[in-house]
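Here is the structure we will look at, set down as structure tokens.
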Amino acid sequence: MGLFDSIRGEFIDIVEWTDDSRDTIVWRFPRHDNEIKMGARLVVRESQTAVFVNEGRIADVFQPGTYTLETQNLPLLATLKGWKYGFNSPFKAEVYFVTTRQFTDMKWGTQNPVIVRDPEFGMVRLRAFGAFAARVVDPAALLRELAGTDPQFRTEEVQEYLRQLIVGKLGSALANSGVPMLDLATQQDAIGVKLAGVLTQELTPVGIAVPKFIIENISLPPEVEQAIDTRSRMGIAGNLDQYTQFQAADALGAGARTPGSGVGEGMGLGLGMAAGQRMAAGLAPQQAAAAPAPAAAPAPAAGPPPLPAQEQWFVGVNGAQQGPYDSAALSGLVGAGTLTRETLVWKDGMAGWLPADQVPGISRLLGSVPPPFPQQG
């Protein structure tokens, strides 16, 4: 500061701060040689606190209001200075204005996945992001621990520290919540409230509180999301037969949309043949009614009796009953690994479910399937 600042300091006797920014936490009042005239007026607005610092020590803290700086208003500062000249000369002190309103534009997110143990899916990697609000509740502690002598302490100087603290607490909060992964979306508010309390307690030594913590989204790795989608599709499809039909129809549809694959032409030919058959079946009764009645034909020679009905089997897969299946379908299940020696089977006439290798009609299908591998010592 030059001569003009020195002269202006002799006449300016109002100490105040009107904040024209949205990210300033601490602002130091500029004054030539830090000299403040005795009897000056201190204006502290709502959402502000004024902190007087003398020779590196916090002397007094003023809450919102208007004050006349005299001896009775600065007892601690007067004691520290030990004035000898009637307290009428200017005294030297630094004045810091601290914003106590909420800063609501604070963002957070996990740069790396957080690994948690889920009761249904085991170990999963989660990513999350959201926002939070922060405010100063102890200006003196903030100056001592974070701001120091910075003349303009902004949110960007403390936001990364807060983000790292949040990420460090997020994993334990999710793991200790006891909420399954599929139910996290319904419990995000409760987890956010819990994290706000944990972070406020953790930040007490630096004078900051987190009154609001918002979890905007919790996401999973792409492969886990794909597995969940597949499981949902299986739940919609029902049993294995319906799921196989669903996959076949899906594959045909994808092939039909692929130029040059031949699947579209094949589907068109098949649909045309099916339409022709239905048309012929519809015209047959009309032609039969219009045609003259044929002469009585000789009775056909006796042919072989009808084939016996095939046995219908039911299979237990993942604790659910599937079927019925005929022998050909059972062979397909054996080839796919769905039907093993330990798989429970049942058909009409059996007293109860039995493992497949104990049923003579099915054990022959398992001839090429090796028994369970013995456990190693």
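What to note about this one:
- Considering residues of the range 97-125 that are open to solvent by 70 Å² or more (accessible area, probe 1.4 Å) and in a strand (DSSP E or B) only, the residue farthest from residue 16 (Cα to Cα): 123
- Per the conditions (1) modelled with pLDDT of 55 or more; (2) open to solvent by less than 60 Å² (accessible area, probe 1.4 Å), the sole criterion not satisfied by residue 86 is (1).
- Considering the range 228-253, and only residues there that are over 30 Å from residue 107 (Cβ atoms) and at pLDDT 70 or above, the residue that is most open to solvent (accessible area, probe 1.4 Å) turns out to be 231.
- Sole residue being surrounded by 14 or more Cβ atoms within 10 Å (Cβ to Cβ) and either part of a helix (DSSP H, G or I) or in contact (Cβ under 8 Å) with a residue 12 or more places away in the chain (or both), chosen from 173, 185: 173
- Filter pass, residue 155 being closer than 24 Å to residue 51 by Cβ and either open to solvent by 50 Å² or more (accessible area, probe 1.4 Å) or out of contact with any strand residue (DSSP E or B) (no Cβ under 9 Å at 6 or more places or on another chain) (or both): no
- Residues (touching a Pro at 6+ places or on another chain (Cβ under 7 Å) and farther than 16 Å from residue 23 by Cα) located in the range 126-146: 126, 127, 141, 145
Residues are listed down the side, and each one gets a yes or a no for (1) within 20 Å of residue 208 (Cα to Cα); (2) aliphatic (A, V, I, L, M); (3) out of contact with any Phe, Trp or Tyr (no Cβ under 8 Å at 6 or more places or on another chain); (4) at pLDDT below 85:
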residue: 7; (1), (2), (3), (4): no, yes, yes, yes
residue: 34; (1), (2), (3), (4): no, no, yes, yes
residue: 56; (1), (2), (3), (4): no, no, yes, yes
residue: 61; (1), (2), (3), (4): yes, yes, no, no
residue: 93; (1), (2), (3), (4): no, yes, no, yes
residue: 103; (1), (2), (3), (4): yes, no, yes, no
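- Residues that are within 15 Å of residue 184 (Cα to Cα) and open to solvent by less than 70 Å² (accessible area, probe 1.4 Å) occur in the range 127-138; there is at least one.
- Residue within the range 141-164 that is at pLDDT below 85, over 22 Å from the mean Cα position of the chain (by Cα) and β-branched (Val, Ile, Thr) present: yes
Conditions (1) at pLDDT 85 or above; (2) closer than 18 Å to residue 222 by Cβ; (3) in contact with a strand residue (DSSP E or B) (Cβ under 7 Å, 6 or more places away or on another chain), marked per residue:
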site: 126; (1), (2), (3): yes, yes, yes
site: 138; (1), (2), (3): yes, no, no
site: 166; (1), (2), (3): yes, no, yes
site: 172; (1), (2), (3): no, no, no
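- For beta carbons closer than 8 Å, sequence separation of 6+ or different chains, a first residue in the range 316-333 that is closer than 14 Å to residue 353 by Cα and a second that is hydroxyl-bearing (Ser, Thr, Tyr) and open to solvent by 40 Å² or more (accessible area, probe 1.4 Å), the qualifying pairs are 317/338.
- The test for being in a helix (DSSP H, G or I), among the β-branched types (Val, Ile, Thr) and surrounded by fewer than 15 Cβ atoms within 10 Å (Cβ to Cβ) does not hold for residue 200.
- Selection count where residues are in contact with a Lys or Arg (Cβ under 9 Å, 6 or more places away or on another chain) and either surrounded by fewer than 18 Cβ atoms within 10 Å (Cβ to Cβ) or free of Cβ contacts under 8 Å to residues at least 60 places away in the same chain (or both), scope the range 207-227: 5
- Members of the range 16-48 that are under 38 Å from the mean Cα position of the chain (by Cα) and either of a type in the set (S, T, N, Q) or surrounded by fewer than 19 Cβ atoms within 10 Å (Cβ to Cβ) (or both): 19, 20, 21, 22, 23, 24, 46, 47, 48
The values are calculated or read from the model by the stated rules, or taken from the named source; none is laboratory data. Keep in mind it's a predicted model, so treat the numbers as computed, not measured. So basically every Cβ, Gly included, is an ideal-geometry build from the backbone, and we count neighbours across all protein chains shown. Calculation scope for accessible area: heavy atoms of the full protein, side chains included, ligands and nucleic acids excluded. Shrake-Rupley method; radii C 1.70, N 1.55, O 1.52, S 1.80 Å.
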